[in-house]
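Written below as structure tokens is the structure these notes are about.
The values are calculated or read from the model by the stated rules, or taken from the named source; none is laboratory data. The model shown is predicted, which means the values in this text are computed figures rather than measured ones. Don't worry about glycine lacking a Cβ; one is built from the backbone with ideal geometry, like all the others, and counts go over all protein chains shown.
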Amino acid sequence: MKKQTLHNIVTTFKTQFASEPTDMFFSPGRVNLIGEHTDYNGGHVFPITLTLGTYGVAKRRDDQLVRLYSVNFPELGVISFAVDDFSKMPAHNWVNFIKGVLKALADLGYVIDQGFELVIEGDIPIASGLSSSASLELLIGVVIQKLFGLKIPRLQLVMAGHQAENDFIGVKTGLMDQFSVGFGAPNTAIFLDTNTLGYRLVPVILRNFEIIIMNTNKPRSLVTSKYNERVNETQQALTALQTELPIKSLGDIDAVTFEAHQQLIKDSTLLKRARHAVSENQRTIEAVKELTHGDLVAFGALLNASHASLRDDYDVTGIELDTLVTAAQAFPGVLGARMTGAGFGGCAIALVPQQSRSRFQEQVGARFHEVLGYDASFFAVQIGPGAQWIGAVKTL
Ligand code: GAF
């Protein structure tokens, strides 16, 4: 935990609200190792939670007012609203995620009839595919739980975040991000079956390799419409397959069954989208096996295959991500690289020999600059805990 950030937001809280916060919270970002665009298709995902995330300090109020301030958006100042005001205000930016979760919790029957004050500060690059939004959604979940003494099962907090994203914000995402932020644990990845919600924590042992996140620094424009388009396309492909197969999702079939029935999907674009969803699900299951057996070479090859499928069949990469991934894959000793998250900009990951970190960044960074004319950024992954109450402010 970053003590400096906590000290900073406690001080900001005192300045903005002229009182002391009582409790401190942290909620991480996530990076998905493999299993991309499978979570709304009933497939598997394999994310890890980062030590980067969103910090918050909060205090309950005696009236019904909610007052919020983000160090990342000082230009918005303090935003206030009644705790039962669920109106979406586009100009309020990050606050809509909070309102969405408050509404979802109210829909679940949790009565929150008192307000609170909250200051947050995040160190996840925003709109970079590292789930700054799920981080915020789960942060407010743990804040509410603690401040109002509510016993909310973790899965309900996850569902509330998911509902906020889907119904309030309007991106028809799967459950991966909120689930990962809610259930993440240090040094492990979450192997989640989005069909059953069964999951297993898998130790991430990379020996003398490390995962480097490569940020294109390209804000993900049009991500909502393009993302929802992919959701729609895979649903149409599923409907075509269901005319002969008794399946509920694309995650229910393997590659062999898919090939045997693919002629049911007449449209060539829909066929490619479905092929990605089915093959990526298989790769994810394989990748977890390989990582568990310690075969990092095979694991890395699956990362490469995942990127190719996201580029060629799912069409969610683009020149920025492809440039980074191609340069990373060509770097001596790198075992694999792929885009991560929704795509259309954002971040990629690479499995890099530890001793090559700085040369890797220099070389891949130089290639990116040469092609795109601006800089990418790089950082090594550390796998941290899920969303949590850190403690009372007086213990800081
Ligand atoms: C975004 C979504 F929020 C996730 O649910 C997932 O679909 C991901 O894109 C792509 O794998 O992060």
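For the range 2-54, the tally of residues that are in a strand (DSSP E or B), charged (D, E, K, R) and away from the ligand (no atom under 14 Å from the Cβ) stands at 1. Right, Val171: in the same structural domain as Phe25 (by TED's automatic domain parsing) and without any contact (Cβ under 8 Å) to a residue 12 or more places away in the chain or not? In short, no. Within the range 314-356, the set of residues being within 16 Å of the ligand (Cβ to nearest atom), under 18 Å from Val297 (Cβ atoms) and not basic (Lys, Arg) comprises Val325, Ile349.
Annotation note: Cβ proximity below 7 Å between a residue of the range 73-85 that is over 16 Å from Gly56 (Cα atoms) and a residue that is aliphatic (A, V, I, L, M) and surrounded by fewer than 17 Cβ atoms within 10 Å (Cβ to Cβ) (sequence gap 6+ or interchain) occurs for Ser80/Leu65; Ala82/Leu65. State whether the residues of the range 224-231 include one that is surrounded by 15 or more Cβ atoms within 10 Å (Cβ to Cβ), in a helix (DSSP H, G or I) and in contact with a Leu (Cβ under 8 Å, 6 or more places away or on another chain). Checking the range 224-231: not a single residue is surrounded by 15 or more Cβ atoms within 10 Å (Cβ to Cβ), in a helix (DSSP H, G or I) and in contact with a Leu (Cβ under 8 Å, 6 or more places away or on another chain).
Contact map, the range 23-36: first residue within 27 Å of Asn281 (Cα to Cα), second residue among the aromatic types (Phe, Trp, Tyr) and within 14 Å of the ligand (Cβ to nearest atom), Cβ cut-off under 7 Å, separation 6 or more or different chains; pairs are Asn32/Phe46; Leu33/Phe46; Ile34/Phe46; Gly35/Phe46.
Those residues that are within 14 Å of the ligand (Cβ to nearest atom) and not assigned by TED's automatic domain parsing to the domain that holds Phe179, I need them from the range 191-221; list them, please. Of everything in the range 191-221, just one residue is within 14 Å of the ligand (Cβ to nearest atom) and not assigned by TED's automatic domain parsing to the domain that holds Phe179, namely Arg220.
Starting from the range 382-394, take each residue that is farther than 17 Å from Val202 by Cβ and list its partners that are assigned to a loop (DSSP other than H, G, I, E, B), counting only C-beta distances under 8 angstrom and pairs at least six apart or across chains. Partner pairs satisfying both residue conditions: Ile390/Met1; Ala392/Thr22; Val393/Glu20; Val393/Pro21; Val393/Thr22.
Count of the range 169-190 residues, restricted to those that are over 14 Å from the mean Cα position of the chain (by Cα) and either in a helix (DSSP H, G or I) or within 13 Å of the ligand (Cβ to nearest atom) (or both), is 2. All of (1) crowded, with 22+ Cβ neighbours inside 10 Å; (2) polar (S, T, N, Q); (3) more than 16 Å from the ligand (Cβ to nearest atom) hold for Asn72 with one exception: (1). Answer yes or no: is there a residue in the range 109-116 that is crowded, with 21+ Cβ neighbours inside 10 Å and within 16 Å of the ligand (Cβ to nearest atom). Within the range 109-116, none of the residues are crowded, with 21+ Cβ neighbours inside 10 Å and within 16 Å of the ligand (Cβ to nearest atom). Each residue in the range 151-168 was checked for being in contact with a Phe, Trp or Tyr (Cβ under 7 Å, 6 or more places away or on another chain), of a type in the set (A, V, I, L, M) and either more than 13 Å from the ligand (Cβ to nearest atom) or more than 21 Å from Thr38 (Cβ to Cβ) (or both), and 2 pass.
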